Amino acid sequence: MTLASIFASFGIFGLGGVIIIETGFLPAFFLPGDTLLFSAGYFIHRGDISMQYTILVLGIAAFLGNLMGYALGRWAEYRIERYVEKHKEHLSPGFLKTKRFFARYGLLTLVIARFVPLVRTVAPFMAGVAQMKKGPFVVISLISGFIWVSVGLALGNFFGQSVPNMDYVVTLVTIVAVTVAVAPIMWPIIRKFFKK
């Protein structure tokens with residue numbers, strides 16, 4: 001099964017759903033958001049979808065994902081603070097540093113994080129935990145989401161014109177990206193299983 005067949009089954013809204021989950025839900029950090037944007041750019045090159053429509057749908061998805069991560073961070077903030085308070089000797093200094101960092105560099109972090117896997121998922125959550133002001137967060141999430149989507153689509157569209165059998169190349173890249181993301185989590189579990 002290739003990404004083209006997956007796209008044919010679920011369409012642009014399926015890709016949007018994955019981007020929402022990848023950017024807004026911590027356990028889904030391993031999902032290949034960058035690769036999906038690249039793939040969508042390739043589908044634009046093939047004429048399956050229009051550039052403007054894809055930017056609109058996936059840009060909104062990236063924005064909603066950030067809002068979801070922020071909301072979860074706000075919800076978890078009190079629980080995290082209680083946990084840190086119980087273990088303040090070890091955790092409190094790091095937690096306070098993180099909150100101060102987001103208070104000072106949070107907006108810049110949100111922009112850069114869009115282009116860094118894992119950090120893209122963690123940043124909006126930590127912005128919520130750090131109680132970043134909602135207004136600036138919403139504005140920068142909207143702008144950075146559309147920038148990230150536009151760059152990813154443009155790259156996919158560009159390489160789709162010059163690389164033969166691009167569908168299979170993108171599928172392979174997606175598999176490798178997911179494997180690289182999941183391997184650090186799964187490796188200790190596999191080692192523990194075989195040591196028994």
Under-5 Å amide H pairs with residue 114, H placed in peptide plane, nonlocal only: none
Under the Karplus curve 6.51 cos²θ - 1.76 cosθ + 1.60, θ = phi - 60°, whole-Hz ³J(HN,Hα) for the stretch 17-34, x wherever Gly or Pro sits: x, 5, 5, 4, 5, 5, 8, x, 10, 3, x, 9, 4, 6, 5, x, x, 4
Fewest-first ranking of 75, 148, using other Cβ atoms within 10 Å as the exposure measure: 75, 148
HN-Hα J in Hz across the stretch 136-146 - Karplus 6.51, -1.76, 1.60, θ = phi - 60°, x for Gly and Pro: x, 4, 4, 5, 5, 5, 5, 5, 5, x, 6
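Based on other C-beta atoms within 10 Å, arrange 147, 55 from fewest to most.
Neighbour counts put them in this order, fewest first: 147, 55.
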At most 16 other Cβ within 10 Å, DSSP loop - chymotrypsin sites (Phe, Trp or Tyr not before Pro), the stretch 96-139: 115
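Since every read-out is calculated from the coordinates, none of them should be taken as a lab result. Keep in mind it's a predicted model, so treat the numbers as computed, not measured. As a convention, Cβ positions derive from the backbone with ideal geometry for all residues, glycine included, and neighbour counts pool all protein chains shown.
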